Every structure is written in C-alpha cells, then in structure tokens.
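S.K.: One structure, pasted below without further comment.
Throughout, read-outs are computed from the coordinates displayed, never taken from laboratory work. What you see is a predicted model, and the numbers here were worked out from it, not measured in a lab. Virtual Cβ from ideal backbone geometry, glycine too; neighbours counted across all protein chains shown.
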C-alpha cells in the first residue's frame with residue numbers, strides 16, 4: 001500500500017512539474033518578458049535621444065542668447081516633463097503587460113487544474129476497483145464459490161418454473 005502511495009505521489013509530482021513546464025512554454029513567458037524588455041529599452045533609448053536633443057537645443061540657445069535664464073528654465077522643465085511622461089507611459093505599459101500575463105496564467109492554471117483533477121479522480125477509481133477486486137478474490141474460497149454458483153442455479157430454476 002505504501003509503495004502505491006509513494007508511486008502516486010511521484011506521478012503527481014511529475015504531473016505538476018510537466019504542467020508547470022507546459023504552462024511556461026504555452027504562455028511564452030520568456031517571449032513576453034523579452035518583448036517587454038525590448039519595448040522598455042526602445043522607450044529608454046527614445047527618451048535618451050530626446051534628452052540629448054533637448055541638451056543640444058539648450059546649448060544652441062545658450063550660445064545664441066546668453067542672457068535668457070527663462071528660456072533655460074523652460075527647456076529644463078520640458079525635459080523633465082518628457083522624462084516624467086515617458087516614465088508614466090512605461091509604468092502603465094508594464095502594469096498592463098503584468099495584468100495580461102496574470103490573466104493568461106490564471107486561465108492556463110484553471111484548465112490544467114481541471115485536467116489534473118479529472119486524471120487524479122480516474123486513477124483513484126481504478127485503484128479502488130483494483131483493491132476491491134483483490135479483496136473479493138482473497139475472501140472467495142472454493143466452497144463459498146460453489147455455494148454461490150449453486151444458489152444462482154437454484155434461483156434460475158425457480159425463475160424458469162415461473163416463466164413457463
């Protein structure tokens with residue numbers, strides 16, 4: 001009995017491991033994460049380019065108008081606003097992707113859970129039937145078997161007499 005329990009636990013462990021691997025491959029988590037990283041990298045590069053452009057513009061204006069501190073403040077403020085906007089955009093995209101991944105995983109987990117539940121229930125029924133059959137076979141000795149057969153034959157003969 002202990003060996004069957006141990007084997008069942010081992011099978012369940014293998015099922016869980018294989019299910020997790022399947023979920024990882026099916027959900028393409030690596031691809032999703034890589035895509036998110038690429039999007040963030042592009043946004044950061046774009047932000048860096050925008051920052052460099054703003055700095056270049058700032059330097060050009062500084063040379064052209066050395067006496068305009070207000071223009072300097074406006075450029076810095078615009079650069080900060082751009083950086084904050086990009087930061088918020090990235091934060092929102094990350095949040096959306098995270099929610100999308102969570103929803104996908106929840107659906108996959110639910111489907112796999114149902115499959116595993118059905119499989120486990122089926123295996124349990126098979127084990128119960130096998131144990132019951134073994135127990136009946138052990139308890140059924142030759143005398144009891146003959147007695148049951150004779151009783152069945154007697155019952156059939158009484159039924160035949162009533163039918164005809």
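S.K.: Under a crude label model (7 Å from the Cα following the beta-carbon direction), how far is residue 157 from residue 118 in nanometres?
M.R.: With each label placed 7 Å out from Cα toward Cβ, I get 5.1 nm.
S.K.: Another question, then. Please find the FRET efficiency linking residue 97 to residue 131, where r is the Cβ-Cβ separation and R0 is fixed at 45 Å, and quote it to the nearest 0.05.
M.R.: Efficiency computed from Cβ-Cβ geometry: 0.35.
S.K.: Kindly provide log₁₀ I(q)/I(0) values, in the same order as q = 0.14, 0.22, 0.25 Å⁻¹, from the Debye equation applied to equal alpha-carbon scatterers of segment 24-103.
M.R.: The Cα Debye sum returns log10 ratios of -0.59, -0.97, -1.11.
S.K.: At 0.36 nm per residue, minus the direct Cα-Cα distance, what do residue 14 and residue 35 gain on full extension? Give it in nm, one decimal, please.
M.R.: 4.5 nm is the gain from fully extending residue 14 to residue 35.
S.K.: 7 Å from Cα along Cα→Cβ at both residue 109 and residue 143: what's the point-to-point distance in nm?
M.R.: Spacing of the two 7 Å Cα→Cβ label points: 6.0 nm.
S.K.: Tilt of helix 142-163 relative to the longest C-alpha principal axis of the chain, in degrees (0 to 90, nearest 10)?
M.R.: The angle comes out at about 80 degrees.
S.K.: Express in nm, to one decimal, how much length is gained between residue 76 and residue 25 on full extension, taking 0.36 nm for each residue of separation and deducting their alpha carbon distance.
M.R.: 13.8 nm
S.K.: Out of (i) 22; (ii) 67; (iii) 41, which label holds the value of percent of Cα pairs over 26 Å apart that was computed here?
M.R.: This structure yields the entry labelled (ii).
S.K.: Label points 7 Å out from Cα along the Cβ direction at residue 90 and residue 49: separation in nm?
M.R.: Between residue 90 and residue 49, the simple spin-label model gives 1.6 nm.
S.K.: On a 0 to 90 degree scale, rounded to 10, what angle separates helix 69-139 from the longest Cα axis of the chain?
M.R.: 10 degrees
S.K.: By how many degrees, 0 to 90 and rounded to 10, does the Cα axis of helix 2-27 deviate from the longest principal axis of the chain?
M.R.: So the helix axis and the longest Cα principal axis differ by about 30 degrees.
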